[in-house]
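Asker: Dropping a structure here in structure tokens format, bear with me for questions.
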Amino acid sequence: MAKGKDDKAERLAAALRENLKRRKAQARATDSRDQPKKDPTQAAKE
């Protein structure tokens with residue numbers, strides 16, 4: 001029964017990693033489309 005739990009944990013971890021990659025890519029696409037490039041030497045003003 002421990003193997004079943006391990007398999008489930010591995011599937012969950014893989015799904016979470018893929019979800020994170022997808023969200024990061026979506027955020028990068030949205031950020032680069034909506035805002036001009038920022039000067040990396042300037043401090044963020046938020």
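Asker: Give the residue, chosen from Lys24, Lys45, Lys5, that is in a helix (DSSP H, G or I), loosely packed, with under 10 Cβ neighbours inside 10 Å and either modelled with pLDDT under 95 or under 12 Å from the mean Cα position of the chain (by Cα) (or both).
Answerer: Values: Lys24 fails: loosely packed, with under 10 Cβ neighbours inside 10 Å; Lys45 fails: in a helix (DSSP H, G or I).
Testing whether each residue is in a helix (DSSP H, G or I), loosely packed, with under 10 Cβ neighbours inside 10 Å and either modelled with pLDDT under 95 or under 12 Å from the mean Cα position of the chain (by Cα) (or both) leaves just Lys5.
Asker: For Thr30, only one of the following conditions fails: (1) surrounded by 10 or more Cβ atoms within 10 Å (Cβ to Cβ); (2) at pLDDT below 80. What is its number?
Answerer: Of the numbered conditions (1) surrounded by 10 or more Cβ atoms within 10 Å (Cβ to Cβ); (2) at pLDDT below 80, the odd one out for Thr30 is (2).
The values are calculated or read from the model by the stated rules, or taken from the named source; none is laboratory data. Because the structure is predicted, anything quoted here is derived from the model rather than measured. A quick note on method: Cβ atoms are made from the backbone with ideal geometry, for glycine too, and the neighbour counts reach across all protein chains shown.
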